[in-house]
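The values are calculated or read from the model by the stated rules, or taken from the named source; none is laboratory data. Everything quoted here is computed from the prediction, not taken from an experiment. Reconstructed Cβ throughout: ideal geometry from the backbone, glycine too, with neighbour counts over all protein chains shown.
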Amino acid sequence: MANSCREWSTAKEIARANGVETGSVYGLIKRMHGEGILEADTDPAPPTRGTAYRLTYPARVALDDLLEETGRDRDEPGQLATNQRLLLVKGSALMGFQQTLADPELAVSVAWVTWLGESWLVALSTDSDGHVQRRIATVLEQAGYLCERGTVDELQRADRFRDQATANLERVGVT
């Protein structure tokens, strides 16, 4: 359940992500909130229907450390997944880029980064949503970078893409 609490989610969304009924996770959510593992977007006492929760920063770090120790890294560097969110960041000032992504609140959502010669490709963790993508892009843009947002649409093996391209070109009479 902890992995589905990385971003703000209601009890209903957390239950759906884990394939269970809302009632079966609500007690656990209340307990995790009470122990300081989850934070609430508003802090009513007690939390009400519609309250969104996420792991606190220390809990996200502990989860990532545990996943790394067990060899189950959540986002393998260089790998992409369908629907994974990406940022193409133009600007070459390494220090400003590093300073921006060193912010723990932003860094926890970044899976990996690579330099492409004239821009950075930032792959967000596979469980990041559009809100996180916009937030990181906004912070980078405020630091003077140009950002293009995207999402991995469909991944294909090169031979399949080549076959499909050849068939499409033949169909329109281009050889």
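Just to be sure I understand the filter: pairs with C-beta atoms under 9 Å, separated by 6 or more residues or on different chains, first member in the range 79-101 and closer than 15 Å to Thr114 by Cα, second member assigned to a loop (DSSP other than H, G, I, E, B) and of a type in the set (D, E, K, R). Which pairs pass?
Arg85/Asp129; Lys90/Glu118; Ser92/Glu118
Just for the range 3-31: of the residues that are in contact (Cβ under 8 Å) with a residue 24 or more places away in the chain and either of a type in the set (A, V, I, L, M, F, W, C) or on the phi > 0 side of the Ramachandran plot (or both), which one is surrounded by the fewest Cβ atoms within 10 Å (Cβ to Cβ)?
Among residues in the range 3-31 that are in contact (Cβ under 8 Å) with a residue 24 or more places away in the chain and either of a type in the set (A, V, I, L, M, F, W, C) or on the phi > 0 side of the Ramachandran plot (or both), the one surrounded by the fewest Cβ atoms within 10 Å (Cβ to Cβ) is Leu28.
Quick one: in the range 75-121, of everything that is under 18 Å from the mean Cα position of the chain (by Cα) and among the charged types (D, E, K, R), which residue is surrounded by the most Cβ atoms within 10 Å (Cβ to Cβ)?
The selected residue is Arg85.
Just to confirm my filter: which strands (runs of 3 or more DSSP E) fall fully inside the range 1-109 and include at least 3 residues that are more than 15 Å from Asp127 (Cβ to Cβ) and modelled with pLDDT of 85 or more?
It comes to 38-40, 85-90.
Here are the criteria: (1) in a loop (DSSP other than H, G, I, E, B); (2) modelled with pLDDT of 85 or more. Tell me which single one Ile136 does not satisfy.
Every listed condition holds for Ile136 apart from (1).
Filter the range 131-155 for residues that are surrounded by 12 or more Cβ atoms within 10 Å (Cβ to Cβ) and free of Cβ contacts under 8 Å to residues at least 12 places away in the same chain and give the result.
Result: Glu141, single match.
Taking the conditions exactly as written (more than 16 Å from the chain's Cα centre (by Cα), closer than 27 Å to Tyr57 by Cα and surrounded by 13 or more Cβ atoms within 10 Å (Cβ to Cβ)), does Thr126 satisfy them or not?
Here the answer is no, as Thr126 does not meet what is asked.
Of the conditions (1) free of Cβ contacts under 8 Å to residues at least 40 places away in the same chain; (2) more than 13 Å from Val89 (Cα to Cα); (3) not in a helix (DSSP H, G or I), Ser128 clears all except one; give me its number.
(1)
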